[in-house]
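So the structure is just underneath, and the comments pick up after that.
No value in this document is a laboratory result; all are computed from the given coordinates. All figures in this text were calculated on a predicted structure; none of them were measured in a lab. Every residue, glycine among them, receives a Cβ derived from its backbone with ideal geometry; neighbour counts consider all protein chains shown.
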């Protein structure tokens, strides 16, 4: 199904049920179908939670059609060979995250999470983040660095000329060579 909302008709500035038309799709709703691609072409901004197993393919489609987007994905997607180059080329970055790196989604499954922020009727998914290509303030914020470089605290890799930094907060402020940082650094990455 798809929804059609053509603006506020009763003047309360809220999209009410009677102002939203629910219509059946002709096909099965697959994002790759001609019907759904036609809807995509009409869209100004895409906000969704694609299946993680199809994340690469879905993001490639958004890039192909030059769409602005805000989508949820697993933080490990940063490491995908199709995704990381987009980050390097400033075509994709991380949006504002989920508290504790965990998102809650409405689900029919019982949530067996032991985390203190369990929510009734929802399932907790760890390691999720927002991916976007829309400008946000956080993308241009500087990280305050205070650690000083020392060879004892920052070992070099045996097979690559770079140092290992185990925590983003411990990036040395006075080292300008290459370094390996944790994946969580990408949440604070500033392209400048």
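Numbers at a glance
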quantity: Computed [θ] at 222 nm, deg cm²/dmol, the chain (DSSP H ≥ 4; -39,500 (n - 2.57); rounded to nearest 500); calculated: -3500 deg cm²/dmol
quantity: At 1.002 mPa s and 20 °C, Stokes D of the range 1-88 from Kirkwood alpha-carbon radius, µm² per second; calculated: 142
quantity: Equivalent ellipsoid, the range 51-106 (semi-axes from 5 times Cα gyration tensor eigenvalues, Å); calculated: 19, 13, 12
quantity: Whole-Å semi-axes of the chain's equivalent ellipsoid (Cα gyration tensor); calculated: 39, 20, 17
quantity: Residue order, fewest to most surrounding Cβ atoms within 10 angstrom, among 3, 94; calculated: 3, 94
quantity: Computed over the range 141-192, Kirkwood Rh from alpha-carbon pairs, angstrom; calculated: 11.5
quantity: Cα-based helix-to-principal-axis angle, 55-64 vs the chain, degrees rounded to 10; calculated: 80
